[in-house]
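Structure, as C-alpha cells:
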Amino acid sequence: MPGEEVLHSRRTLSLRFDIPISRTHEFWDALKAGRLVTTKCTKCGNVTFPPQADCPKCSSGEFEWVDLGTEAKLLTYTQVLITPASFADSDPYIIAIGKLANGLNVLAWLEGIALEAVKPGMAMRLEPRSSKEGNPYYVFVAA
Amino acid sequence: MSRVAIVGIGHSKFGKRTDVNVGELAFESIRQAVDDAGVDKKDIDNVVVGSAGGWYEESLPAVVVDEYAGLSSVGAMRVEAACASGSAAVKAACDSIRGGGADVAMAVGLEKMTEVDTMTSIELIGRAGSYMWEFENYGMTFPAYYALYAVAHMDRFGTTEEDMSRVAVKAHHYGAMNPLAQFQKEITLDKALGSQVVSWPLKLYDACPITDGSAAVILASEETAKKLTDTPIWIKGIGYSSDSANLSRRGDYVGLGATVSAAERAYAAAKISPQSVDVATAHDCFTIAEIMAYEDLGFCKKGEGAKMIREGQTELGGKIPVNLDGGLKAKGHPIGATGVSMAVEITKQLRQEAGSRQASIKNGIGLVHNVGGTGHYAYVTVLARE
C-alpha cells in the first residue's frame, strides 16, 4: 500500500548506561544499610535532596552527610497504568511526592495502599528497598 | 533592538507519516516556507533545526535536512529544549539576525517519532526529567508527570476530570477544521471521560498523541522583510525560562513557574499586557497543561483556568481564543516541530489566513506558548502585525 513501505533496519541499538556515583556513593551505601541520608553544605548549610557534591547555592564542594528524615506529608500522586517499555513487568504503580519535615520533597513509589485510599495531606514514611538485582532504592508507605 | 519578522511559513501534515523519511518530511515545510517568503534558497544565511531526536535514525538532523533541501554551506545547528525545541529554534534564528550574523534565517521544527515502537517512545519521553531520581527506580512517564500536577490542581482549586475533558473536546472541535491535524474528528465529553486511564486521573483523551511532523518559518531583518512582503509578522518579544529537572525540587504543583517567568519577560519585551492578546496557542500536551497555561499566562487568575474552559472563554468568539489549530491534543505533537507549528498558526491568524478558524484580530497581537518537558523549559513568543 502506498505510504506503508518502510525499510525495516537490520541494525539494532541497545543502550545501557554506567552512571558514576563516586562523589555521592555514601547515599547508596547508607541506603543499602537501611538509612536515608543526604548532603549538607559545610560552608552555607544548604541541605539538598537529591544529594549533590557541589552546593547549588554557594558552589562549595565541601559537604557532610546528614539524616534525611523519613516522615513525609503527601503533596500529590498518580497511578501509572501505561508503563514504559523497561517497566513492562511491573503492575500499575502509585507515584507520590512527599514533603519531609525539613521542607525537602521526595518523589518515590507509594506502596501497600489502594489508589482509592490515597489522599493529599496523608502521612507517609520513607523505607529502604532493594531490587532483585540488589540495587537499593526507597519507597513511601502510609504512616 | 533591531526588528525581525516572519516572512514565510510552511507546515507538513501531522500524523503517523510512514510515507516520508526525515529529510522528505522536513522539506514539505521548507518548500512551502521558501515559496511563501519568495526568497531564493541561496539567500538563507542560517538554518536552525529544532528536534529532540533519538527516535529516528539520523543523529545529525540539521545537516541531513539542509542537504536534502539543497541548502549548501549555510549556518547550521540543531537545538534542543525538549517539546520547546521549536520555539528555541525560532529564538536562535531570530537572534542570529539581531546579532548581525544573518539577514535571512529559517527555523525548522522536526520530529519523526513513529520509527520506533510506541513503548520505546514512551520510555524515551519518560526519561525527560531527572533520570536517576525519577526514572531508574520509579518509571515515570510523561502522563505521570502531568498527572502529579493535575491531582494537585484538582485538590487545591476543585478542577475536575470533566473540566480537563472539556479541553479535549475543544481541541478536537478545532482539529476537525484543520486539514493538517492528526485527528480531524469531533469527540463528545462522554467519550473523553470514558477513555482508558493512562496515568490516573489522566486518560487517553487528556493526552496528546505521538506524532510525526515538521514546520518551518523564515525570518528576515526589518529592511529585507519590508522588501519581501506587505504582511510581515513581527517578533515583538520572546521570553524564556526554565525550572528544575527533578520535579521534587519544585515549590508547588499547580502551575509551571517557567511559564510564569517566561510570560512576564515576553510581555515586558513586547510592552503589552496579556489582555491585549487577540489569539494564542497554549502548550496543551495534556489537558491540565492548557488549564494551567490560562492561569500562568495571565489570561485569568490562578485557580480560574477551569472556569475559562467551562464558560467557553477560550473558544472562537470568546475572550481569548486558544489553540484554534486543534492544539497538541488534536493537531498532534511532533516534539521539536510544535513550537514552529505554533508560530505558523499565529502568523496565519494575524495575516487573517486561517479560514473558518479565523479569530477576530483587534489589537494585531498573537501569542505562542511552548513548554519543554514538564515545565522544564518555557518559551513565550509575542507576534504582532505592527
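A short reminder: the numbers here are calculations on the coordinates, not readings from a lab. Nothing here was measured: the structure is a model prediction, and the numbers come from that model. Using ideal geometry, Cβ is built from the backbone for each residue, glycine included, and neighbour counts are taken over all protein chains shown.
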Degrees separating the helix B:142-157 axis from the principal Cα axis of chain B, which is the longest one: 60 degrees
Extend 7 Å from the Cα of B:Arg156 along its Cα-to-C-beta direction; within region B:217-252, residues with backbone N under 20 Å of that point are B:241-252
Cβ-derived FRET efficiency at R0 60 Å, B:Lys301 paired with A:Asp29, nearest 0.05: 0.80
I'd like the distance between the alpha-carbon centres of region B:272-294 and region B:1-31, rounded to an integer number of Å. 23 Å
List the pairs from B:Lys112/B:Lys170; A:Lys73/A:Lys132; B:Lys42/B:Lys91; B:Lys91/B:Lys236; A:Lys99/B:Lys301; B:Lys41/B:Lys227 whose alpha-carbon separation is above 18 Å, in the order I gave them. B:Lys112/B:Lys170; A:Lys73/A:Lys132; B:Lys42/B:Lys91; A:Lys99/B:Lys301
As a footprinting exposure proxy, order A:Ser22, B:Ser12, B:Ser85 by other Cβ within 10 Å, with the fewest listed first. A:Ser22, B:Ser12, B:Ser85
Let's see if you can work this out: charge +1 on each Lys and Arg Cβ, -1 on each Asp and Glu Cβ, no other charges. What is the dipole magnitude of the protein assembly as shown about its Cα centre, in debye to the nearest 20? 1040 debye
Site A:Asn46, offset 7 angstrom along Cα→Cβ, radius 17 Å on amide nitrogen, limited to region B:230-259, gives B:242-251
Give the cross-link partners of A:Lys40 among the aspartates and glutamates, using a straight C-alpha distance below 14 Å as the criterion and excluding same-chain residues fewer than 8 apart. A:Glu26, A:Asp54, A:Glu62, A:Glu64, A:Asp67
So for the pair A:Phe17, B:Asp252, with labels modelled 7 Å out along Cα→Cβ, what separation do we get in nm? 3.2 nm
Cβ-based charge dipole, the protein assembly as shown, positive-most Cα from B:Gly101, B:Tyr294, B:Thr381: B:Tyr294
Whole-Hz Karplus couplings 3J(HN,Hα) for region B:371-377, θ = phi - 60° and coefficients 6.51, -1.76, 1.60, Gly and Pro as x, run 9, x, x, 9, x, 5, 10
If I take R0 = 56 Å and measure r between the Cβ atoms of B:Ser2 and A:Ala88 in this structure, what FRET efficiency does the formula 1/(1 + (r/R0)^6) give, to the nearest 0.05? 0.60
Ranked A:Thr39, B:Thr114, criterion: other C-beta atoms within 10 Å, fewest first: B:Thr114, A:Thr39
Roughly how many nanometres apart are two label points built 7 Å out from the Cα toward the Cβ at B:Met77 and B:Leu189? 4.8 nm
At 0.36 nm per residue, and after removing the present C-alpha to C-alpha distance, how many nm does the segment from A:Lys57 to A:Glu5 gain when stretched out fully? 13.3 nm
What number, rounded to the nearest 500 deg cm²/dmol, is the helix-based mean residue ellipticity at 222 nm of chain B, given -39500 (n - 2.57) per DSSP H run of at least four residues and division by all its residues? -10500 deg cm²/dmol
In debye, nearest 20, what is the charge dipole magnitude of region A:18-62 about its Cα centre with +1 on Lys and Arg Cβ and -1 on Asp and Glu Cβ, if you could check? 180 debye
HN-Hα couplings for region B:128-138 via Karplus (6.51, -1.76, 1.60; θ = phi - 60°), in whole Hz with x for Gly/Pro, come out as 7, x, 10, 3, 4, 9, 10, 9, 3, 9, 10
Efficiency of FRET from Cβ geometry, A:Ser131 and B:Glu353, R₀ 56 Å, rounded to 0.05: 0.50
